[in-house]
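Below is one structure; the comments refer to it alone.
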Amino acid sequence: MALPALNADTRVRAGVLEVACHMAGPVDGSPVLLMHGFPYDIHAYADVAPMLADAGCRVVVPYLRGFGATRFLETLTHRSGEQAVLGADLLALLDALHIDRAVLAGYDWGGRAACVVAALWPERCAGLVSVNSYNIQNIARAMVPDTPANEHRLWYQYLFHSERGRAALQQDRRALCTLLWQMWSPTWVFDEATFDRSAAAFDNPDFVDVVIHSYRHRFGLVPGDPAVAEVERRLAAQPVIGVPVITLDGEADGVRPAEPEQANAHRFTGPRSHRILPGVGHNLPQEAPRVFADAILELVRR
């Protein structure tokens with residue numbers, strides 16, 4: 001089945017990257033940046049982006065580093081996937097697009113990038129929609145074990161800690177990522193064409209290096225990029241988020257279990273609304289696009 005694809009024909013030089021972006025909506029509309037996760041791509045927002053554009057928003061959907069047509073400008077740049085570079089990439093993109101403030105929305109890696117900017121540069125964030133609530137990693141506590149049930153959900157991260165895991169991702173990334181989609185969104189019935197439309201983004205030449213570094217760095221197993229060491233130092237303090245925020249959890253999320261509002265309440269000092277969506281998994285904007293778009297518009301209209 002042929003599916004409509006989000007074009008990503010805008011290229012923006014931002015920081016260490018040339019970022020491939022999908023743009024929609026009026027250029028003078030309220031800016032909204034939609035950030036995808038791993039192992040997904042901009043098509044997680046194939047339904048959300050036009051909803052926001054039709055409501056008058058200026059919509060920007062970038063491919064993260066290591067995905068799609070986004071490329072590093074220099075061969076010597078560290079192929080890091082740590083949280084600090086994701087936040088720095090997003091901040092650099094805002095600067096390159098001359099966007100002073102925007103509503104930032106995302107999940108998984110993209111939600112982490114949005115949380116980093118909201119926490120460290122709140123003047124650039126008009127509002128935040130974050131799946132899985134406070135999404136900044138506490139690397140100092142990475143070796144403290146979770147419950148056995150939650151440890152079981154992280155098998156893929158432990159696989160990526162070894163060279164066997166790197167080889168598995170390199171050799172058969174599509175099969176591995178299909179399995180993650182199925183396990184993380186057990187109630188979402190997607191077809192092969194839907195997966196293939198996103199999986200093309202995994203053919204980026206830096207995909208494997210960026211992914212492996214991300215899952216090793218978050219456990220303190222490898223050093224980070226020295227260029228963002230100060231950002232990582234600030235994140236180690238687990239900064240609070242004070243901007244208006246709507247946090248969303250999928251009740252059927254197969255990697256991050258839904259949590260009650262009070263579980264992360266101390267991380268948010270501004271206005272916050274927390275919502276749990278029944279029957280929705282990890283890829284929340286693609287599984288429940290209307291709910292995700294409405295949350296963004298709620299912040300835009302504040």
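The values are calculated or read from the model by the stated rules, or taken from the named source; none is laboratory data. Not measured: the values here are computed from a predicted model. Ideal geometry is used to build each Cβ from the backbone, glycine not excepted, and the neighbour counts take in all protein chains shown. Keep in mind that these areas ignore ligands, DNA and RNA; they rest on the heavy atoms of the full protein, side chains included. Shrake-Rupley method; radii C 1.70, N 1.55, O 1.52, S 1.80 Å.
Quick notes on this one:
- Size-normalised alpha-carbon gyration radius of region 20-136, reference 2.2 N^0.38 Å: 0.98
- Point-to-point label distance, Phe219-Arg302, nm (Cα→Cβ direction, 7 Å offset): 3.7
- Figure legend: label point modelled 7 angstrom from the Cα of Ala5 along Cα→Cβ; residues of region 198-234 with amide N under 19 Å from it are 198-207.
- Charges were assigned to the Cβ only: +1 to each Lys and Arg, -1 to each Asp and Glu. The resulting dipole of the chain about its Cα centre is roughly 520 debye.
- Sum of -39500 (n - 2.57) over DSSP H runs of 4+, divided by residues of the chain (222 nm, nearest 500): -10500 deg cm²/dmol
- Computed over the chain, the ratio Rg/Rh where both radii use C-alpha atoms and Rh is Kirkwood: 0.92
- Backbone N within region 132-161 under 20 Å of label point (7 Å from Ala175 Cα along the Cβ vector): 155-161
- Contact order relative to length of the chain, as percent, for alpha carbon pairs under 8 angstrom and 6 or more apart: 23
- Once you reduce region 153-185 and region 33-81 to the center of their Cα atoms, the two points are 21 Å from each other.
- Å² of accessible area per residue within the chain, as computed with a 1.4 Å probe and no ligands counted: 40
- The figure for Arg218 is an accessible area of roughly 30 square angstrom, using a 1.4 Å probe on the protein chains alone.
- Amide N proximity, region 124-143 versus Ala236 label position 7 Å along Cα-to-Cβ, cut-off under 18 Å: 136-143
- Probe 1.4 Å - accessible area at Cys125, Å² to nearest ten: 0
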